[in-house]
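This report concerns only the one structure given below.
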Amino acid sequence: MDELLTIDQIVDAKISEVLKQHPIIQEAYDYIEQEHSARQYHNLNHTQDVVKTAVRICMEEGISTEETVNICISSAYHDYFQGPDHEEKNANFVKDKMRAAGYKPKDIEEVVGGIKSTKVDGKLNTRDTPTNNIEKIIQDADVTNFGRGDNIALFLAYYRELMGKEYELDEISRRKAFLEKTISIFKNHSWNTKSAQSLFEKRKLKNLAILEQELKVLNTPV
């Protein structure tokens, strides 16, 4: 008797199926691997992680195959180009690419909306309220590192990408700023889907408690 597949194996099999039918996704992977391999955070690992997590959420939420494909394409292209307002640039790029490949206007519109929904307000660390399943799921999948064990390492990689790869937390003032910023992001965040809430909220709260405790220690006079 065959062993039961793990959830990771089921998700990986689903992604492999989508990739075979939609080579546009592999094209994104190839470009990101070539152009962004030196990035600390927004690299191929991040993109593939968002795709995989999005598919997991789709399965938990009972999302249709068509919408799942659109979410995969949105996830694959949401960080295709980098820089100011890259979400708009990526949305326009994938719109032309999907049109040339013969995708339906409805699917193109959904993919474009998904990519644009990942834009973050730099001052408030918030995103626009999602209007459909695709926007809800890609927003959740893009930040599931909040609710994972490697959270601190990923946040540090993110800050190093912003401030330079030599960025370290060796100074107390710098460490405090890192913790305060990260805690603020956590507190301003909420999940869009019940599945993400179930899968990641418990660990997210644990990560938040760890961050707050460390900040408390640093703020305690010696």
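The values are calculated or read from the model by the stated rules, or taken from the named source; none is laboratory data. Worth saying up front: this structure is predicted, and the values here are computed from it rather than measured. Please note: Cβ atoms are built from the backbone with ideal geometry, for glycine as well, and neighbour counts cover all protein chains shown.
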Just to be sure I understand the filter: pairs with C-beta atoms under 9 Å, separated by 6 or more residues or on different chains, first member in region 207-221 and within 17 Å of LEU156 (Cβ to Cβ) and polar (S, T, N, Q), second member modelled with pLDDT under 90 and not in a helix (DSSP H, G or I). Which pairs pass?
ASN207/ARG148; ASN207/GLY149
Restricting attention to region 125-145, report how many residues are part of a loop (DSSP other than H, G, I, E, B) and of a type in the set (Lys, Arg).
1
Is it true that some residue in region 189-210 is part of a helix (DSSP H, G or I), in contact with a Ser or Thr (Cβ under 7 Å, 6 or more places away or on another chain) and of a type in the set (Val, Ile, Thr)?
no
Report, ordered by the first and then the second residue, all pairs with beta carbons closer than 6 Å, sequence separation of six or more or different chains, a first member in region 168-190 that is on the phi < 0 side of the Ramachandran plot and at pLDDT below 85, and a second member that is surrounded by 14 or more Cβ atoms within 10 Å (Cβ to Cβ) and not in a helix (DSSP H, G or I).
ARG175/LEU169; PHE178/LEU169
Might you check whether a residue that is more than 19 Å from PRO23 (Cβ to Cβ), touching a residue at least 24 places away in the same chain (Cβ under 8 Å) and buried (at least 17 other Cβ atoms within 10 Å of the Cβ) occurs anywhere in region 95-107?
no
Among all residue pairs at least 6 apart or on different chains, which show Cβ distances below 8 Å where the first residue, located in region 66-89, is within 19 Å of LYS20 (Cβ to Cβ) and modelled with pLDDT of 95 or more and the second is of a type in the set (Asp, Glu) and surrounded by 18 or more Cβ atoms within 10 Å (Cβ to Cβ)?
GLU67/GLU110; ASN70/GLU110; SER74/GLU110; SER75/ASP142
Please pick out the residue among ALA54, ALA13 that is crowded, with 17+ Cβ neighbours inside 10 Å and under 24 Å from SER195 (Cα atoms).
ALA54
Output the number of the condition that ASN132 fails; it satisfies all remaining conditions of (1) farther than 25 Å from ASN45 by Cα; (2) buried (at least 19 other Cβ atoms within 10 Å of the Cβ).
(2)
